[in-house]
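Q: Starting off with a structure, shown below.
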Amino acid sequence: MVDRRHLLGAAGWLILPAHAATSRPPGVALVLRHAATETGIGDPPGYRLDLCSTQRQLSAAGLAQARALGQLLAQRRWQPSVLLSSAWCRCRDTAQGIAESVGANAPPVRVFEPLNSFFDDRSREPSQTAALRQRLATLRAGAGFEVWVTHQVNIAALTERVVAMGEGVWLGTGASSSPVALFPK
């Protein structure tokens, strides 16, 4: 059951379960949609993953949002053990902003292909979602948490939740593998 206490961070409203007053995060994976971008849906025709200038980019507000999320994690003394990102530049930039604000002990940002968007090719959804569920199954409560930065379509497929840019979902393990806390605006 979600406790209705709210903490306001620049990344949005964070609804935490009752045990959030402790030093432990409410889940084993924080799955985030990339921070706010320039106006648009998807990417321009002909975009390339190896060339950020061809993709929709984070806006100035999105860069601030990513740093604010990292600051919120640091304030709560929640140090991610792993920072994984989609290969899209807006996701990598969000993850890097979080890493820079979490502090010197932040893990390096690594691209994890199952987090890549399948917006343009829905046939990839089943295998990518299965890979994320498989990774989630390997995580253990009390052993730290991972941050996964991805896209709306990936989060919806994994959690059946729609989140805005800069919002996310905490996931638990086992019986609590469904969303245990949200980052709604």
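Every number in this text was worked out from the coordinates using simple rules, so none of it is lab data. What you are looking at is a predicted structure, and each value in this text was computed from that prediction instead of being measured. Please note: Cβ atoms are built from the backbone with ideal geometry, for glycine as well, and neighbour counts cover all protein chains shown.
Q: How much length would be gained if the chain were fully extended between VAL111 and TYR47, taking 0.36 nm per residue of separation minus their Cα-Cα distance, in nm to one decimal?
A: The span from VAL111 to TYR47 would gain 21.2 nm if fully extended.
Q: Say R0 is 22 Å: what FRET efficiency, to the nearest 0.05, do GLN57 and PHE119 get from their beta-carbon distance? Walk me through the intermediate numbers first.
A: Numbers: r = 16 Å, r/R0 = 0.74.
The value I calculate is 0.85.
Q: Give me the net charge of PHE145's neighbourhood, meaning all other residues with Cβ under 14 Å from the Cβ of PHE145; Lys, Arg count +1, Asp, Glu -1.
A: +4
Q: Right, next: Under 1.5 on a/c is rounded, so check that first for the range 28-185, then, if it is not, pick prolate when a/b is larger than b/c and oblate when it is not; a ≥ b ≥ c are the square roots of the alpha carbon gyration tensor eigenvalues. Mind showing how you got there, number by number?
A: Values: a/c = 1.67, a/b = 1.16, b/c = 1.45.
The shape class here is oblate.
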